[in-house]
Amino acid sequence: KQEVTQIPAALSVPEGENLVLNCSFTDSAIYNLQWFRQDPGKGLTSLLLIQSSQREQTSGRLNASLDKSSGRSTLYIAASQPGDSATYLCAVGGADYKLSFGAGTTVTVRA
Amino acid sequence: EAGVAQSPRYKIIEKRQSVAFWCNPISGHATLYWYQQILGQGPKLLIQFQNNGVVDDSQLPKDRFSAERLKGVDSTLKIQPAKLEDSAVYLCASSKGLAGNTGELFFGEGSRLTVL
């Protein structure tokens, strides 16, 4: 069974600092990995989708890397802004076509 | 393009009562998912439909939860009777293909259930 871990559970940084969010998974036989953002009381918004054949994906200030062999993905957010405050979740798609979610990292960017 | 629609957004019921949630996926998306998200945790898959067939319902508490996707479009999730531990946000999501394979997953705003 795939286990997905996100550490730390919470993170607080001053505005302008770069954010580094970690996601680790136990089974390296994955099809894809997706990063989501969740604002309080809202659903999940897809940020980046990385296929298993890819090493990274970029969108604006966001960059996500994937290292299947070590079971890790990292989401980088450059020059953080207060509007980046949210919970970030990663989800791993496995050979059974199921998505396994981490519990998320709650980010607070202080103005 | 319209996103995943869910209703109601909020529901408060007494334990042992029943409740139903509705979801309309993105047009053309074959796969529909219902997730349960308890506060502080990641979403947990309850049931997955491919068109109007069930792909996975292994984590659906079938003694009290039921779901259907008639005509392969919108879907209803029902809880009867509700328990205190059912208090959670129920998220509906859809994808063109199987999300765990190559498909990207899109979520609705969720339905927040409080059981008193």
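Taking the condition out of contact with any Phe, Trp or Tyr (no Cβ under 7 Å at 6 or more places or on another chain) and crowded, with 16+ Cβ neighbours inside 10 Å, does residue A:2 pass? Lay out the reasoning, then the answer.
On the way: out of contact with any Phe, Trp or Tyr (no Cβ under 7 Å at 6 or more places or on another chain): no; crowded, with 16+ Cβ neighbours inside 10 Å: yes.
Judged against the criteria, residue A:2 is not a match.
Taking region A:82-97 as the region of interest, how many residues are farther than 13 Å from residue A:27 by Cα and at the interface with chain B (Cβ under 7 Å from one of its Cβ atoms)?
Narrowing region A:82-97 to residues farther than 13 Å from residue A:27 by Cα: A:82-90, A:97.
Filter once more, so that each one left must be at the interface with chain B (Cβ under 7 Å from one of its Cβ atoms): A:89, A:97.
Qualifying residue count, region A:82-97: 2.
Any residue that is over 12 Å from the mean Cα position of the chain (by Cα), surrounded by 15 or more Cβ atoms within 10 Å (Cβ to Cβ) and either at pLDDT below 95 or not in a strand (DSSP E or B) (or both) - is there at least one of those in region A:70-82? Please lay out each step first, then the result.
Within region A:70-82, the subset over 12 Å from the mean Cα position of the chain (by Cα) is A:70-71, A:78-82.
Then keep just the ones that are surrounded by 15 or more Cβ atoms within 10 Å (Cβ to Cβ); that gives A:71, A:80.
From the residues that got through so far, the ones that are either at pLDDT below 95 or not in a strand (DSSP E or B) (or both) too are A:71, A:80.
Within region A:70-82, one or more residues are over 12 Å from the mean Cα position of the chain (by Cα), surrounded by 15 or more Cβ atoms within 10 Å (Cβ to Cβ) and either at pLDDT below 95 or not in a strand (DSSP E or B) (or both).
Kindly evaluate residue B:6 against the criterion of being part of a loop (DSSP other than H, G, I, E, B), under 23 Å from residue A:35 (Cα atoms) and either within 14 Å of chain A (Cβ to nearest Cβ) or at pLDDT below 95 (or both).
Spelling it out, it is not the case that residue B:6 is part of a loop (DSSP other than H, G, I, E, B), under 23 Å from residue A:35 (Cα atoms) and either within 14 Å of chain A (Cβ to nearest Cβ) or at pLDDT below 95 (or both).
As an exercise: evaluate residue A:31 against (1) within 28 Å of residue B:25 (Cβ to Cβ); (2) under 15 Å from the mean Cα position of the chain (by Cα); (3) surrounded by 16 or more Cβ atoms within 10 Å (Cβ to Cβ) and give the number of the one condition it does not meet.
Only one criterion in (1) within 28 Å of residue B:25 (Cβ to Cβ); (2) under 15 Å from the mean Cα position of the chain (by Cα); (3) surrounded by 16 or more Cβ atoms within 10 Å (Cβ to Cβ) is unmet by residue A:31, namely (2).
Tally up the residues in region A:29-58 that are more than 7 Å from chain B (Cβ to nearest Cβ) and assigned to a strand (DSSP E or B), please. If you could, list the steps in order and put the result at the bottom.
Applying the first criterion (more than 7 Å from chain B (Cβ to nearest Cβ)) to region A:29-58 yields A:29-30, A:33, A:35-41, A:45, A:47-48, A:50, A:52-58.
In the following step, the residues that additionally are assigned to a strand (DSSP E or B) were identified as A:30, A:33, A:35-38, A:45, A:47-48, A:50, A:56-58.
Counting residues in region A:29-58 that are more than 7 Å from chain B (Cβ to nearest Cβ) and assigned to a strand (DSSP E or B) gives 13.
Would you be able to say whether some residue in region B:42-49 is in contact with a Gly (Cβ under 9 Å, 6 or more places away or on another chain) and not polar (S, T, N, Q)?
Yes, that holds for at least one residue.
Evaluate region B:51-65: report whether one residue or more is among the aromatic types (Phe, Trp, Tyr), at pLDDT below 95 and in contact with a strand residue (DSSP E or B) (Cβ under 7 Å, 6 or more places away or on another chain).
Going through region B:51-65, the residues among the aromatic types (Phe, Trp, Tyr) turn out to be B:65.
Imposing the further condition that a residue be at pLDDT below 95 reduces the set to none.
There is no residue in region B:51-65 that is among the aromatic types (Phe, Trp, Tyr), at pLDDT below 95 and in contact with a strand residue (DSSP E or B) (Cβ under 7 Å, 6 or more places away or on another chain).
The values are calculated or read from the model by the stated rules, or taken from the named source; none is laboratory data. Bear in mind that the values here come from a model prediction, so they are computed numbers and not experimental data. No Cβ is skipped: glycine too gets one built from the backbone with ideal geometry, and neighbour counts run over all protein chains shown.
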